[in-house]
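Written below as structure tokens is the structure these notes are about.
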Amino acid sequence: LGPLDFQSLLPPMPLGDENGCLELMRAHELLRARKTRASAKGGDPDEKLFYLSSTSRPWSPEEAQAARKALEKAGYILALARLGADQPHIRHQLQVDGMLLDVRLPHLTSLKAMGDMLKAAARVEAGDGQTDRALEDLGRVARIGQRLEKEPFLISCLVSLALRNIACQGIDEALEEGAQTSPGACAKLVETLRMDKDLGHRAFLGERCM
């Protein structure tokens, strides 16, 4: 493979109203702005819970209540993240006009952060007995990861796997709450988590072009 072949590996850009990448990146931008404002005022402990959502230890009642309040305050951001994750495509417009090693991938940080936020929301929902709703949000996390499969970058492949792992951790936490869930919700989530047997192939082809 030569460098000119890289263009053929790029997935086509979808129509604007079918591409959830902008909503997810905008949601992350708003979340970071909230964190910056909170830090300037001495810090907001509620905000930290979004970034600690990967912890698997049980939350104390106080932490659960703080997470619930934080999610309520960030309702618009969470709605924007859900909207982006529900779109049929998530593609970032790449600028490939020089060295491939110089291509910027700012969307990966945003997608990972929104995956963490959706997992935090799912944990709160499961704690409130809304297990099916929690599984819907975890399905969104897995779906974001699924949408990254076609990017010809190894780091994109790794973030895709990380998002699936976040979803799987969230499922364990949600089901540990003991609430009932419908078979249909579980089946839909399992299908979303199913990985392409050629996962990583396009990424390694892209790496060979560099």
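The values are calculated or read from the model by the stated rules, or taken from the named source; none is laboratory data. Just so it is clear, the structure is predicted and the values come from calculations on it, not from any experiment. Here Cβ is always computed from backbone atoms with ideal geometry, including for glycine, and neighbour counts include all displayed protein chains. Quick note on the areas: whole protein, heavy atoms, side chains included, nothing else; ligands and nucleic acids left out. Shrake-Rupley method; radii C 1.70, N 1.55, O 1.52, S 1.80 Å.
Overview of values
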{"item": "Any chance residue 24 is at pLDDT 80 or above and of a type in the set (A, V, I, L, M)", "result": "yes"}
{"item": "Helices (runs of 4 or more DSSP H) (entirely within region 104-210) containing at least 2 residues that are within 19 Å of the chain's Cα centre (by Cα)", "result": "107-127, 131-147, 154-176, 183-193"}
{"item": "Qualifying residue in region 169-185 (condition: under 19 Å from residue 21 (Cα atoms) and in contact (Cβ under 8 Å) with a residue 12 or more places away in the chain)", "result": "no"}
{"item": "Tabulated pairs, region 62-80, first closer than 22 Å to residue 26 by Cα, second open to solvent by less than 20 Å² (accessible area, probe 1.4 Å) and of a type outside the set (A, V, I, L, M), C-beta under 7 angstrom, 6+ apart or interchain", "result": "70/47; 70/50"}
{"item": "Per-region count, region 191-206, residues over 19 Å from residue 8 (Cβ atoms) and either acidic (Asp, Glu) or in contact with a Cys (Cβ under 6 Å, 6 or more places away or on another chain) (or both)", "result": "1"}
{"item": "Of residues in region 78-95 being among the aliphatic types (A, V, I, L, M) and over 13 Å from the mean Cα position of the chain (by Cα), the one most open to solvent (accessible area, probe 1.4 Å)", "result": "79"}
{"item": "So residue 138, is it under 20 Å from residue 57 (Cα atoms), crowded, with 22+ Cβ neighbours inside 10 Å and touching a residue at least 24 places away in the same chain (Cβ under 8 Å)", "result": "yes"}
{"item": "Criterion: modelled with pLDDT under 85 and closer than 18 Å to residue 92 by Cα - qualifying residue of 202, 140", "result": "202"}
{"item": "Selection from region 1-17 of residues that are open to solvent by less than 70 Å² (accessible area, probe 1.4 Å) and either modelled with pLDDT of 85 or more or part of a loop (DSSP other than H, G, I, E, B) (or both)", "result": "2, 10, 11, 14"}
{"item": "All positions within region 188-210 that are free of Cβ contacts under 8 Å to residues at least 60 places away in the same chain and open to solvent by less than 40 Å² (accessible area, probe 1.4 Å)", "result": "189, 192, 193, 200, 203"}
{"item": "Test: residue in region 97-120 that is touching a residue at least 60 places away in the same chain (Cβ under 8 Å), out of contact with any helix residue (DSSP H, G or I) (no Cβ under 8 Å at 6 or more places or on another chain) and not aliphatic (A, V, I, L, M)", "result": "no"}
{"item": "Test: residue in region 172-187 that is open to solvent by less than 70 Å² (accessible area, probe 1.4 Å) and in contact with a Cys (Cβ under 9 Å, 6 or more places away or on another chain)", "result": "no"}
{"item": "Search result, residues across region 141-161 that are open to solvent by 10 Å² or more (accessible area, probe 1.4 Å) and more than 23 Å from residue 208 (Cα to Cα)", "result": "143"}
